[in-house]
Amino acid sequence: MSLSRRLLQILNFAALVAMLIAVYAALVLAPDAINVDPSIRPAQRIIYFHVPSAWSSMLAFFVAFIASILYLITKHIRWDIWARAASELGIAFTVAAIISGSLWAKPAWNTYWTWDPRLTTYTIVLLLYIAYFMLRGAIDEPGRRARMAAVYGIFAFLSVPLTFMSIRWWNTIHPVIVDAPENTNKFGLGPNMMNAFMITNIAFIILFVTLLANRISLGWAEERMDALKERLNF
Amino acid sequence: MAGPLIEVVGLRKAFGRHRVLKGVDLAIDAGESVVLFGPNGAGKTTFLRILATLSKPTSGTVRVAGVDIKNNPEGIRQYLGLVTHAPLLYTDLSAEENLAFYARLYGIDAPARRIDELLERVGLLHRRHDLVRTFSRGMVQRMAIARALLHNPPILLLDEPDTGLDPQAAEMMTDFLREIGGSERTVLMTTHHLERGLELADRVLILQGGRIVFDELADALSYEQLRPTYDEYVGAGVMVA
Amino acid sequence: MKRYLQVVWAVLWKDLRIELRTKDIFTSMAVFAVLALMIFNFAFELRVPDKTMVIPGVLWVTITFSGVLGLGRAFISEKDRGSMAGLLLAPVDRSAIYFGKMLASLIFILVMEVFLLPLMVIFFNANFISLPLLLVLFLGTLGFAAVGTVFSGLAVNTRTREVLLPVLLFPVMLPVLMAGIRATIGFMEGDALADMMKWVNLLIFFDLLYLVVAYMTFDFVVEE
């Protein structure tokens, strides 16, 4: 029916280890960023939290998007549980990315908030998925809720790249980290930092998969509990 | 045609965990007039809406003329006329405009003649240019039947067509339904009015708790015989209409 | 295909006929638009050196907020009359209902814009209307109606209905608003259509993408 308890335990342990390695990589392995002002060198390390959070959130919304499509095709409740779990995690990682971005922005750009394309896009994404949960919350009948949410999930996800493009064309000051290989942007990462960067990204993906598996398992538990309540006329 | 016109096998419908239909099996032959009784919440409306392709079954199959409605809902809709609690009419359009709209939806050839013919039959030809909002409940219900018959469907589904009508209007409705039911048309109707239902039907069904619990030919039943059974399954409390 | 277009036309005709008779949707959108212009006028009067500077923003915000009123009615009126089932009984693919409804909403909003534009010229005392602007307005409104009609169908199934529609719609509409505002600024500053092609292409892509997605998903919105 759902993921086995054993598998969850293994994943939970793997995520713990991966996150410990990530902390080591971000704080010890990674050298100071010599190309930024010394006063913001410690703050620069937030990148090892900020970017993996952002990537994980996009991965989460992508999983939710695929699950929404699969729900409409199969009408199997599994995909509704997946879509909901992934969207919730997407919101959590988005909040993490926005807050860490703000904390970096203060020392680097001397403001907590800029109307920078990625930051603004992320805020819109947050609103999109809050709307997704408002839609879910406003429909009582589970089949209809799953269907409407799946349709909205598809529309919402497709709008993200368009929003990003339009805000980027509007204006930009965000450092472009992963771009063309010949990129010599002063915010670009040196090879030693790249290792730490990749390690933290992989660790966050493991963390995301673990949280997703736990949330899906919880979703199944809720489903079973509701079925039991129904049987007991609770 | 060899098999039954409408064939329902193991039909189940749940809204979330609320199971409305718990396995309905039924076969209706072409030309039959079937009346479906049942207490409120027994799933009568849901059953009719599934037959009308408005609602999708959770499991089980419905075949109309041998074709699974899942495979060709658009095709099946051409063969169905539906009258529901709501008249499915636009109160800001005239009688004629309403029918003209539905004639377009069904792709009817020479709609003007067909519309005149139907308005004549339901006795509303003289009100053809009046907005439906000015009609009485009885007139609206006759319009609703005209609307359902517009594309001359071989199957007519009626969900409590007599509800909310005064006795006189209900009587007119009964006469009218007898007239259209007497033809080749297959009619499946729900009602809370035992006597009226029995009068119109060749066959009586009772749906209770999501299952068909009673299925008899109407010829073999008198009102007095059916009454106790009806009260047992449906409950006397509903018999006020 | 002929049957399909016949149904699209039937739904459009029916909505236009009812609107011509009741004028419910147009009146509420138009009154709202005038009120919005009034409020913007007071909001900007003392703080903005040149009021024509705020025209692009005022134009698109007014269209968005006033348009969502019209979109909300698309399915709520059917649901409240109980006439939704009548549409769904049509023996044709249900996307035809979508296109009929979408075109009706598109026309309602375009008519509101035809009313709004001269009014803004008068209020702001600036003739900012140009052919390229009308093109951008049309493309933006098409995207708005394309997505809004589906979301109106989603919202009608919920407890909160009208309240939820803008919350669902606006974050998805952001690219259209940005493209619309940017292009309007450009045209007012004398840029040629060619300079704004980036934004026009974004609008065309948005419209096509969502018309296709709506075509594929609408059946799920109305089924039970």
* Structure fact -> Per the filter on region A:106-123, residues within 11 Å of chain C (Cβ to nearest Cβ) and either surrounded by fewer than 19 Cβ atoms within 10 Å (Cβ to Cβ) or out of contact with any helix residue (DSSP H, G or I) (no Cβ under 7 Å at 6 or more places or on another chain) (or both) are A:T123
* without any contact (Cβ under 8 Å) to a residue 40 or more places away in the chain and in contact with a Leu (Cβ under 8 Å, 6 or more places away or on another chain): does that describe B:L194? -> no
* Structure fact -> Filtering region A:31-56 down to residues that are closer than 18 Å to A:V95 by Cα and not in a loop (DSSP other than H, G, I, E, B) yields A:I47, A:Y48, A:F49, A:H50, A:V51, A:P52, A:S53, A:A54, A:W55, A:S56
* Structure fact -> Of the residues in region C:1-25, those that are touching a Phe, Trp or Tyr at 6+ places or on another chain (Cβ under 8 Å) and more than 12 Å from B:F101 (Cα to Cα) come to C:E19, C:I25
* Pick from region C:204-224 the residues that are hydroxyl-bearing (S, T, Y) and over 17 Å from the mean Cα position of the chain (by Cα): which of them is farthest from the other protein chains (Cβ to nearest Cβ)? -> C:Y215
* Count of residues meeting criterion [charged (D, E, K, R), under 20 Å from B:R196 (Cβ atoms) and without any contact (Cβ under 8 Å) to a residue 24 or more places away in the chain] in region B:111-169 -> 0
* Which ones in region B:81-99 are over 14 Å from B:H129 (Cα atoms) and either facing chain C (nearest Cβ under 7 Å) or buried (at least 22 other Cβ atoms within 10 Å of the Cβ) (or both)? -> B:G81, B:L82, B:V83, B:T84, B:A86, B:P87, B:L88, B:L89
* Any idea which residue in region A:33-74 is nearest to A:L126 (Cα to Cα), counting only those that are without any contact (Cβ under 8 Å) to a residue 12 or more places away in the chain and among the charged types (D, E, K, R)? -> A:R41
* From the options A:A150, A:A146, A:A83, A:A97, residue that is within 14 Å of chain C (Cβ to nearest Cβ), within 17 Å of the chain's Cα centre (by Cα), crowded, with 20+ Cβ neighbours inside 10 Å and not aromatic (F, W, Y) -> A:A83
* Asked: Quick one: which of B:Q141, B:Q168 is in contact with a helix residue (DSSP H, G or I) (Cβ under 7 Å, 6 or more places away or on another chain), among the polar types (S, T, N, Q) and modelled with pLDDT under 90?
  -> B:Q141
* Structure fact -> Residue hits (region C:144-154; of a type in the set (A, V, I, L, M) and more than 9 Å from every other protein chain (Cβ to nearest Cβ)) are C:A145, C:A146
* Answer with yes or no whether C:V114 is more than 14 Å from every other protein chain (Cβ to nearest Cβ), assigned to a helix (DSSP H, G or I), surrounded by fewer than 17 Cβ atoms within 10 Å (Cβ to Cβ) and under 16 Å from the mean Cα position of the chain (by Cα). => yes
* Any residue in region B:175-188 that is in contact with a His (Cβ under 9 Å, 6 or more places away or on another chain), of a type in the set (S, T, Y) and within 23 Å of B:L54 (Cα to Cα)? -> no
* So which residues in region B:201-210 are surrounded by fewer than 22 Cβ atoms within 10 Å (Cβ to Cβ) and within 18 Å of B:M173 (Cα to Cα)? -> B:D202
* Matching helices (runs of 4 or more DSSP H) fully within region C:1-95 where at least 1 residues are within 28 Å of C:V172 (Cα to Cα), within 14 Å of chain B (Cβ to nearest Cβ) and among the acidic types (D, E) -> C:2-22, C:24-44, C:55-81
* To do: Tell me, please, whether a residue that is part of a loop (DSSP other than H, G, I, E, B) and within 13 Å of chain C (Cβ to nearest Cβ) can be found in region A:59-70.
  => no
* To do: Determine which single condition C:N157 fails, assuming it passes every other condition in (1) in contact (Cβ under 8 Å) with a residue 60 or more places away in the chain; (2) more than 8 Å from chain A (Cβ to nearest Cβ).
  => (2)
* Asked: How about region A:124-143: which of its residues are part of a helix (DSSP H, G or I) and more than 7 Å from chain C (Cβ to nearest Cβ)?
  -> A:V125, A:L126, A:Y129, A:I130, A:Y132, A:F133, A:R136, A:G137, A:P142, A:G143
* Structure fact -> Pairing a residue in region A:222-233 that is more than 9 Å from chain B (Cβ to nearest Cβ) with any residue that is surrounded by 10 or more Cβ atoms within 10 Å (Cβ to Cβ) and among the hydrophobic types (A, V, I, L, M, F, W, C), where Cβ atoms lie under 9 Å and the two sit 6 or more apart in sequence or on different chains, gives A:E222/A:I81; A:E223/A:I77; A:E223/A:I81
* To do: Please find, among C:L119, C:L164, the residue that is over 19 Å from C:L211 (Cβ atoms) and surrounded by fewer than 18 Cβ atoms within 10 Å (Cβ to Cβ).
  => C:L119
* Output yes when any residue across region C:165-187 is part of a helix (DSSP H, G or I) and away from every other protein chain (no Cβ under 14 Å), and no when none is. => yes
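The values are calculated or read from the model by the stated rules, or taken from the named source; none is laboratory data. Keep in mind the model is a prediction, meaning the values are calculated, not measured. Note that we place each Cβ from the backbone using ideal geometry, even for glycine, and neighbour counts take in every protein chain shown.
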